[in-house]
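What follows is calculated from the coordinates using simple rules that are stated; it is not laboratory data. Predicted model only: the values in this text are computed from it and were never measured. Because the Cβ atoms are built from the backbone with ideal geometry, glycine has one as well, and the counts that use them run over all protein chains shown.
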Amino acid sequence: MTAPVSYTVTGRIGTIVIDSPPVNALSHGVRQGIIECLKVAEADDTEVVILRCEGRTFIAGADITEFGKPPQAPTLAAVLAALESHPKPIVVAIHGTALGGGLELALCCDYRLAGATAKVGLPEVNLGLLPGAGGTQRLPRLTGLEQAIDMITTGRSITAHDALTAGILDEVCSGDPAEGAAAFAKALIDKGAGKRLTRDIPLAITDDDTALLSQARDTIAKRLKGQTAPQRILDCLEAAGTMTFDEGLVAERRAFEACMEDPQSTALRHLFFAERMASKIDGMAVGTEAQPVKHVGIIGAGTMGGGIAMCFAQSGFSVTLVDQDQEGLERGLGIIKKNYEISVKRGRLSAEQVEGFLRNLEPTTDWQRLQNVDLVIEAVFENLELKQSVFQKLDNICAADTILASNTSYQSIDALAAATNRPDRVVGMHFFSPANVMRLLEVVRGAASSDTTLATAMAVGKKIGKVCALSGMCYGFIGNRMLRHYGREAALCVMEGASPAQVDHAMERWGMAMGPMAVGDLAGLDIGYRAREQLSDEEKGPRINFLLADRLVEAGRMGQKSGAGYYRYNPETRAREEDPAVAEIIDATRAELGITPRQVSEEEIVDRLTLALANEGARILEEGIAQRASDIDVVYCFGYGFPRFRGGPMHVAESRGIQSVVDTIARFHGSLAAENWLIAPLLARLAAQGGRLADIGR
Ligand code: 3H9
């Protein structure tokens, strides 16, 4: 194995090159290599040292796989100290992304250059951490406090050009940054320029900065409610302006360690690896490659079809959007354009960008335009016969190797595949509403879906910025199958004594983006009502689970669309308001079932809703519908507003301890419909044997 860090000398310039795939993370070997190369560079007769990386990117940060393990010297802090105290000026050449510890290392060096397409950022907050290698102390010295607050609390990367304007970079190279750095180093030698340390830049907090910090605290408390790392970041940034540099570093280190020990960071780090793991398909034939996809057909210009078309058009694909009639097509296009107009108004997109996206989009009612597409995604009404007829038609029109995907939420992929002569090229691609916003894509494997088809769906999903997870075939796939159990417990908490607002507040305070009752109102209570009409009594389960929802729909309360559901909605502000009429319906429904209401605590609400998810998730895992527990977490965190800092329902169960989960579920047998709470056999087995959900499927 070649060393991950090497050193070469050309004339009076020494160059340290880090080559540690995949992302040049600052692993033990890399840290050690840098220290050794710095020692050599100190002793030779070079005058300037360049530090750069090989491969797809500059350093992407500390090595996250080492977190939670005993630290191995040299620490990152020791590497940074060696860079700072090195007698020769050090020039960093950035390509790809300089992230986290990677950018912190660059800030420690004397001069920074980057390629035009490079990006820099401090994304630690996404891992429940803060920059722990001086980032909170050095960045504000270069950019001022406002920019530092924005970059570090959001974790957003910025472009090389913006980094130049912000004072982070000295130069943006139009060509290869390695060559740019060589020329820059030569110029430094010619000028006789020396060291230039960021730590020496003075930073004093003004009254404006204090106001800025306090405003940021308020905004973050609302936007990132319950999250600890962002507030700690603000403490460190304040320290940067009120303490000496070295005191600030100590404060930062303490805050970093506190974050590291916080369960929120454990959860977010779990999710980091879960997200990457989810796109991997176990047992896939070695050498399987995705088919090239450039041109995509979308069937149905409704809300979902339109959203899916936007995803592809804005990721550079050619999109042919087909609807059965001109009116439907124009309505769909109108919504797409309106969505884009809002983005332009809010400054998220430029008018030129939108024009480009719309140029990628071909709206048509002519199905023959699909003859040459590489992939078709069907997004028509949820009706099996209708979808089957679409698949049959597509099978006749499209080239033999075109992949046919369905955005169905519930229908059998196998039944759709059976309508074609290419069952191996049929797959589910289940997007979440609004499709252009929600990150999750469930890739649903049919019995005959080939490895190539699955690999293609995964690759395409990644290209349009989705987080993909594989689901096997079952009613509702991973996400919606579990959601029924979550919704059931929400309704039961109300039947037993809580109000809809109590249930929603409990879950929202716990971190859910939106409480279950409010979600029900948003989605439309009539949808579940109509779906239940298709089910047998046995499939519906105990009456107590859905009677309240039925009574609301029967009273004309469909949710937001009818101005009333579990709540009433202010016609002007659309704000939800508690409604005495709902309290009456709840009372009547309880009376109908002979229920005497009791106090339901916030803790019980959270336990019941989250453990209902974990219990069904365990069944899904055992049946092999999900490949791994972490995939289920990905589905919930990226598709259902589950708080990422909780790591997903399976992570919640695992961290709580499976035995405690089983004991708590056993207590819920005493709630009104005991049959709802049959313990998943997998949980019972793991509790008995002391096993872990994380090891299932490995
Ligand atoms: C930090 O720096 C703390 C410091 O402040 C203080 C320390 C004291 N470590 O995402 P991809 C792996 S915290 C280890 O699919 P892309 C990843 O798991 C860190 N491994 O590629 C995957 O492995 P596999 C702050 C890492 O091209 C493979 O690389 N930095 C790390 O779509 C490819 O990853 C961050 O948070 C890592 N740091 O995106 C940046 N990063 O192939 C995190 C990646 O086995 N990284 N891997 O599944 C990223 O945002 C993206 O990976 C990046 C590339 C944009 C770089």
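Give me the three principal axis extents of the stretch 339-443 from the C-alpha atoms, as integers in angstrom, largest value leading.
Taking the Cα atoms of the stretch 339-443, the three principal extents are 46, 28, 20 Å.
Residue farthest toward the positive end of the dipole of the chain, with Cβ of Lys/Arg at +1 and Asp/Glu at -1: which of 671, 384, 89?
The Cα lying farthest towards the positive end belongs to 89.
Considering only DSSP beta bridges where both residues belong to the chain, give the percentage that are antiparallel (nearest 5).
Numbers: 17 of 63 bridges.
Just about 25 percent of them are antiparallel.
For the stretch 5-259, what's the relative contact order in percent, using C-alpha pairs closer than 8 Å and at least 6 residues apart?
Numbers: 493 pairs, mean separation 45.5, N = 255.
For the stretch 5-259, the relative contact order is 18 percent.
Please give the helix 500-510 orientation as an angle from the longest Cα principal axis of the chain, in degrees from 0 to 90, rounded to the nearest 10.
So the helix axis and the longest Cα principal axis differ by about 20 degrees.
Determine the gain in length on full extension of the stretch residue 176-residue 231; use 0.36 nm per residue of separation and subtract their C-alpha separation, reporting nm with one decimal. Don't skip to the answer; put the middle values down first.
Details: separation 55, 0.36 × 55 = 19.80 nm, distance 3.87 nm.
In short, 15.9 nm is gained.
Is there a quick way to get the dipole size of the chain? I mean about its Cα centre, with the Cβ of Lys and Arg at +1 and of Asp and Glu at -1; what is the value in debye to the nearest 20? If you can, show how the numbers build up before the last one.
Details: 71 positive and 88 negative charges, 74 e Å.
Roughly 360 debye, rounded to the nearest 20.
Would you pull out the residues with amide H under 5 Å of residue 297's amide H, same chain only if 5 or more places away, H placed 1.01 Å from N?
320, 374, 375, 376, 377
Taking other Cβ within 10 Å of each residue's Cβ, how do 232, 530 sort, fewest first?
530, 232
At 20 °C and a viscosity of 1.002 mPa s, what translational diffusion coefficient does Stokes-Einstein give for the chain, taking Rh as the Kirkwood radius over Cα pairs? Give it in µm²/s as a whole number.
Numbers: Rh = 27.9 Å.
Answer, rounded: 77 µm²/s.
Subtracting the Cα-Cα distance from 0.36 nm times the residue separation, let me have the gained length for residue 551 to residue 326 in nm, one decimal. Write down the numbers at each step before the final one.
Values: separation 225, 0.36 × 225 = 81.00 nm, distance 3.83 nm.
Gain on stretching residue 551 to residue 326: 77.2 nm.
Suppose each label sits 7 Å from its Cα in the direction of the beta carbon; what would the residue 433-residue 207 distance come out to in nanometres?
Each label point lies 7 Å from its Cα, and together they span 5.2 nm.
If exposed chymotrypsin sites (Phe, Trp or Tyr not before Pro) are those in a DSSP loop with at most 16 other Cβ within 10 Å, what is the longest stretch of the chain that has none? Walk me through the numbers before you get to the answer.
Values: sites that count: 67, 381, 410, 475.
Segment 68-380 is the longest.
What aspartates and glutamates does residue 337 reach when the alpha-carbon gap must be under 18 Å and sequence neighbours fewer than 8 apart in one chain are set aside?
323, 327, 352, 355, 362
State the answer as a single residue: which of 287, 564, 272 lies farthest towards the positive end of the charge dipole of the chain, with beta carbon charges of +1 for Lys and Arg and -1 for Asp and Glu, about the Cα centre.
287
Report the FRET efficiency, 1/(1 + (r/R0)^6), for residue 215 and residue 401, where r is their Cβ-Cβ distance and R0 is 45 Å, rounded to 0.05. Provide the component values of the computation, followed by the final result.
Working: r = 56 Å, r/R0 = 1.24.
Computed FRET efficiency for residue 215 and residue 401: 0.20.
For the chain, find the longest principal axis of its Cα atoms and tell me its angle to the long axis of helix 76-85, 0 to 90°, nearest 10.
Value to nearest ten degrees: 30.
Do any of 119/338; 294/466; 280/466 go past 20 Å between their Cα atoms, and which? Intermediate results must be reported in sequence, preceding the final value.
Details: 119/338 31 Å; 294/466 17 Å; 280/466 14 Å.
Over 20 Å Cα-Cα: 119/338.
Once every DSSP H run of n ≥ 4 in the chain is given -39500 (n - 2.57) and the sum is divided by its residues, what mean residue ellipticity at 222 nm do you get, rounded to the nearest 500 deg cm²/dmol? Numbers along the way, then the final one.
Numbers: 29 runs with 344 residues, N = 698.
It lands at -15000 deg cm²/dmol.
Distance from the Cα centre of the stretch 314-383 to that of the stretch 505-544, in angstrom?
A separation of 31 Å, based on Cα centres.
Which aspartates and glutamates, if any, have their Cα less than 14 Å from the Cα of residue 561, not counting same-chain residues under 8 positions apart?
Filter leaves 521, 526, 572.
Provide the packing ranking of 682-689, 577-584, i.e. peptides ordered by the mean count of other C-beta atoms within 10 Å per residue, highest first. Intermediate values should be presented prior to the final figure.
Working: 682-689: 17.1, 577-584: 13.5.
Result, highest mean Cβ count within 10 Å first: 682-689, 577-584.
Give the cross-link partners of residue 191 among the lysines, using a straight C-alpha distance below 19 Å as the criterion and excluding same-chain residues fewer than 8 apart.
88
Mind putting a number on the dipole of the stretch 1-70 about its Cα centre? Charges go on the C-beta only, +1 for Lys and Arg and -1 for Asp and Glu, and I need it in Debye to the nearest 20.
On the way: 6 positive and 9 negative charges, 44 e Å.
In total the dipole reaches around 200 debye.
What FRET efficiency comes out for the pair residue 261/residue 39, r = Cβ-Cβ distance, R0 = 35 Å, nearest 0.05?
Details: r = 34 Å, r/R0 = 0.97.
After rounding, the FRET efficiency stands at 0.55.
What does the highest-first list of 348-356, 148-156 look like by mean Cβ count within 10 Å?
Working: 348-356: 12.7, 148-156: 21.4.
Result, highest mean Cβ count within 10 Å first: 148-156, 348-356.
With axes computed from alpha carbons, what is the tilt in degrees of helix 245-261 against the longest principal axis of the chain, rounded to the nearest 10 within 0 to 90?
30 degrees
Within 10 Å, count the other beta carbons around each residue, average over each peptide in 418-429, 189-200, and list them highest first. Don't jump to the answer; show the numbers that get you there.
Working: 418-429: 20.8, 189-200: 13.2.
My ranking of the peptides, most packed first, is 418-429, 189-200.
Where the only charges are on Cβ atoms (+1 Lys, Arg; -1 Asp, Glu), what is the dipole of the stretch 5-259 about its Cα centre, to the nearest 20 debye? All intermediate terms of the calculation are to be shown ahead of the outcome.
Values: 24 positive and 32 negative charges, 85 e Å.
Roughly 400 debye, rounded to the nearest 20.
Extension gain residue 463-residue 672, at 0.36 nm per residue separation less the Cα-Cα distance, in nm? Don't skip to the end; give the middle numbers.
Working: separation 209, 0.36 × 209 = 75.24 nm, distance 4.68 nm.
The residue 463-residue 672 span can extend by a further 70.6 nm.
Taking +1 at the Cβ of each Lys and Arg and -1 at the Cβ of each Asp and Glu, which of 696, 120, 58 sits farthest along the dipole of the chain towards its positive end, judged by Cα position relative to the Cα centre?
With unit charges placed on the Cβ atoms, the residue in question is 58.
Share of antiparallel DSSP beta bridges in the stretch 295-475, in percent to the nearest 5? Can you show the working numbers first?
Details: 4 of 29 bridges.
Of the beta bridges lying entirely in the stretch 295-475, close to 15 percent run antiparallel.
Pull up all non-local amide H partners of residue 406: gap of 5 or more, or a different chain, and H-to-H distance under 5 Å with H placed in the peptide plane.
Distant-sequence amide H within range of residue 406: 378, 427, 428, 429.
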